[in-house]
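Okay, structure first, notes after.
The values are calculated or read from the model by the stated rules, or taken from the named source; none is laboratory data. Source: prediction; values computed, not measured. Cβ atoms come from the backbone with ideal geometry, glycine included; neighbour counts cover every protein chain shown. Side chains are part of the model used for accessible areas, which takes the heavy atoms of the whole protein and leaves out ligands, DNA and RNA. Shrake-Rupley method; radii C 1.70, N 1.55, O 1.52, S 1.80 Å.
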Amino acid sequence: MYKRHRKLRTSAVMRNLVKDVYVSKEDLIYPIFVEEGENIKNEIESMPGIFRYSLDRIDEELDALVELGINSILLFGIPKHKDECATESYKEDGVIQNAIRYIKKNYPNFLIIGDVCCCEYTSHGHCGILDENGYVKNDETLEVLGKIALSYAKAGVDVIAPSDMMDGRIQKISQVLEKNGFHNVALMSYAVKYSSAFYGPFRDAADSAPKFGNRKTYQMDFRYSKDAIDEVREDLKQGADFIIVKPALSYLDVMQKVSNNFNVPVIAYSVSGEYSMTKAAALKGWIDEKAIVMEQMYAFKRAGANAIITYYAKDVAKYLNESD
Ligand code: PBG
């Protein structure tokens, strides 16, 4: 006799009864690009449906999220001026610091996550301070990251998410926060972040493409499978509260491994290129967008993700509302 697996698939009620993976609005984190300036709402060419907003028009986006029941946002900043050392990134009245204060005051229920990195603020587009050969200097960059994190904390951020991939940044940021009394600001580390072509559209969105070279000396090499666990262990030791795995869709194996090995919330970051690929095929009419997007969300949750950063968050919330 063989097992009849199909018995548990006979009806919708049966399938719903046995399912053990869930996606809810509470799992969603929506990335928002805030650009310094006035009256800006610009669609990102390679990410149809995703916009850069100036702070004076951000209400439109935030109101839509409130309406849909999305409570967590991840902020990226695009400053007017960039320089070699990313000095705009830690100004008290920088684009993100202003955004954090504004959102906290006017929309106090959002959980605000601030992405900490230099690449949107450096003239060369790399994620840190360069030496004379164009190599990103680790320890000098840590000082800048510490300043960015502190400026976000002072503005009222809930969670800090460093995405630079310098060694020791979690320790540095934890120390700075502790020393300054910010004991409740959580650290969501991009601990497992691969050097990936899937970030291409984001770099258009955030104007952050490196002007020369690539990010391979600091982001992880996807051909080497052994350092993911070490990166996570190290970041947890240094004080990380959450672990991000990024990109998501092509790295579900890594997500599963991290989730199986550590008792810590795992966050899937479904990156810009994943959004653009799906969106482009959907606009062509080649795929069923809703079905494909939801299948991806379930895949992240099945691989162990607690939450999902996705440019599709608003659509997912709509889809979930439809089936309520
Ligand atoms: C900043 C940063 C990047 C992303 C998130 N934070 C770009 C990069 O590392 O080049 C990518 C996000 C996406 O593609 O959606 N370092």
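Mind giving me the nanometre distance, one decimal, between the label points for ASP56 and ALA281, set 7 Å out from Cα along Cα→Cβ?
For ASP56 paired with ALA281, the spin-label model returns 4.2 nm.
What does the charge add up to near ALA291, with Lys and Arg as +1, Asp and Glu as -1, over the other residues with Cβ less than 13 Å from its Cβ?
-4
Can you list residues whose amide H is under 5 Å from MET220's amide H, if they're 5+ apart or on another chain and H is modeled 1.01 Å from N?
LYS193, TYR194, SER195
For the range 129-212, which GluC sites (Glu not before Pro) are in a loop by DSSP, counting at most 10 other Cβ atoms within 10 Å?
Answer in residue order: GLU132.
Debye calculation, C-alpha points only, no solvent: report log10 I(q)/I(0) for the chain at q = 0.12, 0.13, 0.15 Å⁻¹, in the same order as the q values.
For the chain at q = 0.12, 0.13, 0.15 Å⁻¹, log10 I(q)/I(0) is -0.81, -0.96, -1.29.
Taking loop as defined by DSSP and a crowding limit of 13 other beta carbons within 10 Å, which chymotrypsin sites (Phe, Trp or Tyr not before Pro) in the range 219-324 fit?
Loop-located and lightly packed - TYR224, TRP286.
Quick one: what are the phi-derived ³J(HN,Hα) couplings along the range 178-189, Karplus 6.51/-1.76/1.60 with θ = phi - 60°, whole Hz, x for glycine and proline?
With the stated coefficients, the range 178-189 comes to 4, 4, 9, x, 8, 6, 9, 7, 7, 10, 9, 8 Hz.
How large is the accessible surface per residue of the range 22-323, computed with a 1.4 Å probe and reported in Å² as a whole number?
Normalised by residue count, the accessible surface of the range 22-323 is 43 Å².
Could you tell me the relative contact order of the chain? Use alpha-carbon pairs under 8 Å, at least six residues apart, and round to a whole percent.
For the chain, the relative contact order is 18 percent.
Check ILE78: other-chain or 5+ apart residues with amide H under 5 Å from its amide H, H built from backbone geometry?
VAL34, GLU35, GLU36
What size of dipole, in debye to the nearest 20, comes out for the chain about its Cα centre when the only charges are +1 on Lys and Arg C-beta atoms and -1 on Asp and Glu C-beta atoms?
It comes to approximately 1580 debye.
Please list, in chain and number order, the residues 5+ apart from ILE50 or on another chain whose amide H is under 5 Å from its amide H, with Hs placed from the backbone.
Here the answer is ILE44, since their amide H atoms fall under 5 Å of that of ILE50.
Could you check how much of the accessible area of the chain is carbon and sulfur, as a whole percent, using a 1.4 Å probe?
49
For the range 224-324, run through the trypsin sites (Lys or Arg not before Pro) and keep only the ones in DSSP coil with at most 13 other Cβ atoms within 10 Å of their Cβ.
Hits after loop and neighbour filter: LYS226, LYS284.
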